[in-house]
Amino acid sequence: MEKLSINRTACSLYELAGLIKTAVSDSFPESLWVIAEIAELKCNPKGHCYLELVEKNKDQTVAQIKATCWSYEYRRISRTFEKATGESLNPGMKIMLLASVAFHEVYGLSLNIRDIDPTYTMGEMARRKKEVIERLHKEGVIGLNRELPLPLVPQKIAVISSKTAAGYGDFFHQLDTNPYGYRFVHILFPALMQGREAEASIISSLLQISKKRRLFDIAVIIRGGGSVTDLSCFDSYELACHIARSPLPVITGIGHEKDDTVADIVAHTRMKTPTAVAEFLISGMREFEEGILEIQQRIHSCTGRILRDEGYRLDRVSQRLSFIPSQLALSAGNRLEMLSKDLESRIRDCFRNERNRQGGMEQAIRLLDPAQVLRRGYSITRHKGKILRDASLIRKGDTLRTTLSNGAITSIAKITEEDKGHEQTETAYLLPGF
Amino acid sequence: MSRQKQLTYSQASRELQQIISEIESENVDLDVLAEKVKRATYLIKFCKSRLRDTEEEVKKVLTEIEDKAEETGAGDGASDKNQQDIT
């Protein structure tokens, strides 16, 4: 044993490490592009960044290598990356990096990151987002929240936000100082709005609100503008599901200029900023009140019209009523007048008729008066005091007394033949005063 | 309990719609019209003041939130079930 070890040549660990170092640097003389997932990421106070890069195959790690990004590089790389993707470099993210491979005698193999291509990660994020959206579609949850009816008056609001989030103060200020004097009931359900724990924190607040949903009309998730990074939690499948299934309509105001996040897509209504959410709520109240005011106006004008019409009708009726007595009086008067005229003329007629009748009678009486008859030349002959009407009653020698209008004659009958009667009487005339 | 007794915006709105359609149909008896207008005025006043005065609502919400803080929301089975499905 001893002999063997003396004869064997052995290198020291340091020598070996040196050999590996040379081999590695000989094999990888140039930097090369590598695709990997960030498993861990830590920055030390000096600004150097230390990462664990992995490759997974169905959740099983098939490769793992440490990586380092020195502070002067990291500052530039992370800034460019955030600007392009809207995200800061985080565990779970897939990146394409330019790295040199190096072996250090103490720290072992590591990749020295010289650059990161953000377009790869963007594509990766977009692909993942698309997958999440497709899954939500397939599971039929994507439109669930949108199917909820918006409350008539969104007055009681459950707010998910962070007191430290930008835009939080603006939101409440705007609600509380709206120009119409509407009052909102708003209760904050605090949650982290960025970082790794944001997703779980927002979900927990959503669950709390669900339990008290009868107290609220609507839920809003707001997160102010300013920082545009760390929106990836709003693209998560879990959060999207909770938003979609919320029993209250959810309005988002996540404050970003980029494409809608998945949270925006599943929310009932998406707004760009917290301020826009406040405006939306105020306009909802305003819309309701305008509807009420419009009805008020319509009632006012309609009632006015009905009352006016009714007034006119009453006027007409009362006018007609006021005419009736005078009309009645008029017609009664007319009838009375007619009656009295009628009566008068009838009376006149009566009198006239009576007068005429009396006149006729007078005349007749006058005409019949024997004196008158005598005056016209007639005479009355009496025999033995009786008025003589039949000549045959007279015999020869009878004394006749004839009364004339003026005086009387006494005569003696000579001839009794009727046809000679006249001669006889004529003869008698010749004896006046007989 | 008192919440159910209280008039809601949608009830008020529905009733107002009905009143206006009745009034506008012009088949309203004048005596009835007076009653309807009185009711409508009350409803409008109710809505307008409730939009601006929430003190009572705030109190109610706050006390209920405090009261129910420890409860698990036994009455909210449906939503809990929904939420559990995905958690």
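So here's what we get for this one:
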quantity: Whole-Hz ³J(HN,Hα) from phi, Karplus 6.51 cos²θ - 1.76 cosθ + 1.60, for the stretch A:372-384, glycine and proline x; calculated: 4, 4, 4, 5, 7, x, 6, 9, 10, 10, 10, 10, 6
quantity: Ranked A:Leu281, A:Leu330, A:Leu136, criterion: other C-beta atoms within 10 Å, fewest first; calculated: A:Leu330, A:Leu136, A:Leu281
quantity: Simple label model, 7 Å out from Cα along Cβ direction - B:Asp31 to A:Arg114, nm; calculated: 9.9
quantity: Linear extension gain, A:Asp398 paired with A:Val106, 0.36 nm per residue minus alpha-carbon span; calculated: 83.6 nm
quantity: Hz values of 3J(HN,Hα) by residue in the stretch A:50-63 - Karplus curve (6.51, -1.76, 1.60), Gly and Pro given as x; calculated: 10, 10, 10, 9, 9, 10, 10, 10, 6, 6, 9, 6, 10, 7
quantity: Electrostatic dipole magnitude of the stretch A:141-283 [Cβ: Lys, Arg +1; Asp, Glu -1; Cα centre; debye, to 20]; calculated: 560
quantity: Column: log10 I(q)/I(0), Debye, Cα scatterers of the stretch A:141-283, q = 0.17 Å⁻¹; calculated: -0.84
quantity: Kyte-Doolittle at least -0.5, axis length at least 24 Å by Cα - qualifying DSSP helices, chain A; calculated: A:274-368
quantity: Extension reserve of the B:Ile65-B:Glu15 stretch, reckoned as 0.36 nm per residue once the Cα distance is removed; calculated: 14.9 nm
quantity: Shielding of A:212-224 by partner chains, average beta-carbon count, 10 Å; calculated: 2
quantity: Most fluctuating residue given options A:Gln327, A:Gln372, A:Gln319, as computed from a GNM of chain A linking Cα atoms under 10 Å; calculated: A:Gln372
quantity: Cα principal axis extents for the protein assembly as shown, largest first, Å; calculated: 244, 47, 39
quantity: Bridge type composition, the stretch A:2-130 - antiparallel percent by DSSP, nearest 5; calculated: 90
quantity: Sequence of A:Tyr312, A:Tyr120 once ranked by neighbouring C-beta atoms within 10 Å, starting from the fewest; calculated: A:Tyr312, A:Tyr120
quantity: Under-5 Å amide H pairs with A:Ala408, H placed in peptide plane, nonlocal only; calculated: none
quantity: Calculated FRET efficiency for the pair A:Ile187/B:Thr8, C-beta based, R₀ 25 Å, to 0.05; calculated: 0.80
quantity: Lysines with Cα under 26 Å of A:Lys272, excluding same-chain neighbours fewer than 8 positions away; calculated: A:Lys83, A:Lys129, A:Lys130, A:Lys156, A:Lys163, A:Lys258
quantity: Fluctuation leader among A:Leu293, A:Leu343, A:Leu215 - chain A, Gaussian network, Cα springs under 10 angstrom; calculated: A:Leu343
quantity: FRET efficiency for A:Ile380 and A:Gln327, using Cβ-Cβ distance with R0 set to 56 Å, rounded to 0.05; calculated: 0.15
quantity: Normalised contact order of the stretch A:141-283, rounded percent, pairs of Cα under 8 Å and 6 or more residues apart; calculated: 33
quantity: Cβ-derived FRET efficiency at R0 35 Å, A:Asp390 paired with A:Asp369, nearest 0.05; calculated: 0.90
quantity: Beta bridges per DSSP with both ends in chain A, % antiparallel, nearest 5; calculated: 65
quantity: Cβ charges +1 (Lys, Arg) and -1 (Asp, Glu), total dipole of the protein assembly as shown, debye; calculated: 3740
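Coordinate-derived values only; no laboratory data. Being a predicted model, the structure only gives us computed values, none of them experimental. Neighbour counts run over all protein chains shown; Cβ positions are idealised from the backbone, glycine included.
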